[in-house]
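The values are calculated or read from the model by the stated rules, or taken from the named source; none is laboratory data. What you see is a predicted model, and the numbers here were worked out from it, not measured in a lab. Every residue, glycine among them, receives a Cβ derived from its backbone with ideal geometry; neighbour counts consider all protein chains shown. Areas reflect the complete protein model, heavy atoms only, side chains present, ligands, DNA and RNA absent. Shrake-Rupley method; radii C 1.70, N 1.55, O 1.52, S 1.80 Å.
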Amino acid sequence: MTKPSILQVAKFSPYYTEKLNQAFTVHDRLHETDPAAFAKVSGSIQAIAGGGESKVPASLIAQLPALRLVSIFGVGYDGVDVPAAIAHGAKVTHTPDVLNDEVADLALALMLAVSRNIVQADQHVRSEHWLKGPMPLGRKMSGARVGIVGMGRIGQTIARRAQAFDMPISYTARSAKPALPFTFVASVEALATQVDFLVVITPGGAATRKMINAAVLKALGPQGYLINVARGSVVDEAALIDALQRGVIAGAGLDVFEAEPSVPEVLRTNPRVVLTPHIGSATTQTRNAMADLAFDNLALHFSGKPLRTPVPECRNIGAQ
C-alpha cells in the first residue's frame with residue numbers, strides 16, 4: 001500500500017522523524033534543498049509537517065494542489081498563512097495544552113533567575129570571586145506584582161504558579177475573563193505601570209508585532225523586569241536594548257528573539273539579562289507529547305476522522 005506523501009518543513013527530533021517515516025513518504029525540506037525534485041513530487045504532497053517557527057506562505061501552498069492539511073508541531077503557527085490554506089481547501093492544526101506546564105515553568109525560572117541574579121551567582125562561585133566577598137543583593141520575587149500579557153492556556157498556568165509566590169496578578173488580553181480571579185487591565189502600557197514583572201505570553205503575528213515598545217518599557221520602570229516567553233516579534237528589540245542600556249527597566253529574561261538564533265551582542269553581554277535559546281517546551285517528555293499530538297492530527301486526517309486540535313480559524317470548517 002502506497003504511503004501518503006507529506007512535506008517536512010522543519011528539523012524534528014529522531015522520535016518524531018521516525019514516526020513520520022514509518023507512516024508516510026516524507027520529503028524533508030525538499031522545496032529548499034532541491035527545487036527541481038520538489039517540482040516533480042509537489043502534485044502528490046497531501047500534507048505539511050512543520051514546527052512552530054516554520055514558514056508556510058501562500059506561495060508554497062499554491063505549489064501543492066493536493067495539500068489538505070498543515071500539521072504544526074508547536075502551539076504558535078504565525079508562520080502559516082492560514083487564510084491561504086483555508087482558501088486552498090487545507091486545514092491547519094497545532095499542539096496546544098501539552099506544553100503549558102513547561103512554558104510556565106520556564107517563565108517562573110526566568111523571573112527568579114533575573115531577579116535573584118542566579119546566572120551571576122553561579123559564575124561568582126565558579127570563578128572563586130566568593131573568596132573575595134559576597135555578591136550584590138538581588139530583588140525579592142515573592143509578593144511582587146506580576147502582569148501577564150495574554151491570558152490564554154499558558155498565561156493561566158503561569159498565573160497559578162505565581163499564586164504560589166503570593167504575587168498579586170493582573171493581566172491584559174483581547175477581552176476580560178470574568179471567571180478568573182485576576183485583575184483585568186485594558187492596555188499593555190497601563191498594565192506595565194502597575195507591576196514589577198511583565199510576562200509576555202501572547203501569540204505572535206501582525207496584531208502583536210512590537211506590542212512591547214518604548215512606551216511600555218518606560219511604564220514598567222527602573223524597578224521592573226520584562227519576561228518574554230512568547231515570540232521575539234512581540235517585543236521591539238531595539239527599544240528593549242535602549243531601555244536596558246539606559247536603566248529604564250531593571251532587567252529582562254528572554255527565551256525568544258527577533259531574529260533568532262541570532263541574538264544582538266548587547267543583549268548577550270548585558271549582566272542584567274538572562275537568555276535562553278527558545279527552550280520553552282524543551283524537555284523530552286513535552287516534546288514527545290507534542291510529536292504524538294502533531295502525528296495524531298496527520299493520522300486522523302488520512303483516516304478521514306475529526307482532527308484533534310485544529311487552530312481556531314479551522315474549528316468550524318467541515319467535519320474532518
Quiz item: Quick one: which of 116, 174, 139, 161 is at pLDDT 95 or above, more than 19 Å from residue 250 (Cα to Cα) and among the basic types (Lys, Arg)?
Solution: 161
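Can you tell me how many residues within region 72-88 are of a type in the set (Val, Ile, Thr) and either touching a Phe, Trp or Tyr at 6+ places or on another chain (Cβ under 7 Å) or assigned to a helix (DSSP H, G or I) (or both)? Before the answer, list the steps.
Of all residues in region 72-88, those of a type in the set (Val, Ile, Thr) come to 72, 75, 80, 82, 86.
Next, only the ones that are either touching a Phe, Trp or Tyr at 6+ places or on another chain (Cβ under 7 Å) or assigned to a helix (DSSP H, G or I) (or both) stay: 82, 86.
Result for region 72-88: 2.
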Quiz prompt | Of all residues in region 174-201 being part of a loop (DSSP other than H, G, I, E, B) and without any contact (Cβ under 8 Å) to a residue 24 or more places away in the chain, the one that is surrounded by the most Cβ atoms within 10 Å (Cβ to Cβ) | solution = 176
Practice problem: May I ask you to verify whether residue 279 is touching a residue at least 24 places away in the same chain (Cβ under 8 Å), open to solvent by 50 Å² or more (accessible area, probe 1.4 Å), over 30 Å from residue 145 (Cβ atoms) and assigned to a loop (DSSP other than H, G, I, E, B)? | Solution: no
Practice problem: Count, please, the residues in region 50-82 that happen to be without any contact (Cβ under 8 Å) to a residue 60 or more places away in the chain, more than 23 Å from residue 252 (Cβ to Cβ) and not aliphatic (A, V, I, L, M). | Solution: 10
Quiz prompt | Residue match in region 253-265 (condition: of a type outside the set (S, T, N, Q), touching a helix residue (DSSP H, G or I) at 6+ places or on another chain (Cβ under 6 Å), surrounded by 20 or more Cβ atoms within 10 Å (Cβ to Cβ) and in a strand (DSSP E or B)) | solution = yes
Quiz item: residue 141 versus (1) part of a loop (DSSP other than H, G, I, E, B); (2) free of Cβ contacts under 8 Å to residues at least 40 places away in the same chain; (3) under 15 Å from residue 227 (Cα atoms): which is the lone unmet condition?
Solution: (2)
Quiz item: With (1) crowded, with 20+ Cβ neighbours inside 10 Å; (2) farther than 15 Å from residue 301 by Cβ; (3) within 14 Å of the chain's Cα centre (by Cα) as the list, and residue 111 as the residue in question, which single condition is left unmet?
Solution: (3)
Self-check item: The lone exception for residue 103 - which of (1) among the hydrophobic types (A, V, I, L, M, F, W, C); (2) under 30 Å from residue 268 (Cβ atoms); (3) open to solvent by 40 Å² or more (accessible area, probe 1.4 Å); (4) in contact with a Ser or Thr (Cβ under 8 Å, 6 or more places away or on another chain) it fails
Solution: (3)
Self-check item: Enumeration of residues in region 33-76 that are of a type outside the set (A, V, I, L, M, F, W, C) and either open to solvent by less than 50 Å² (accessible area, probe 1.4 Å) or closer than 14 Å to residue 301 by Cβ (or both)
Solution: 42, 43, 46, 50, 51, 52, 54, 68, 71, 74, 76
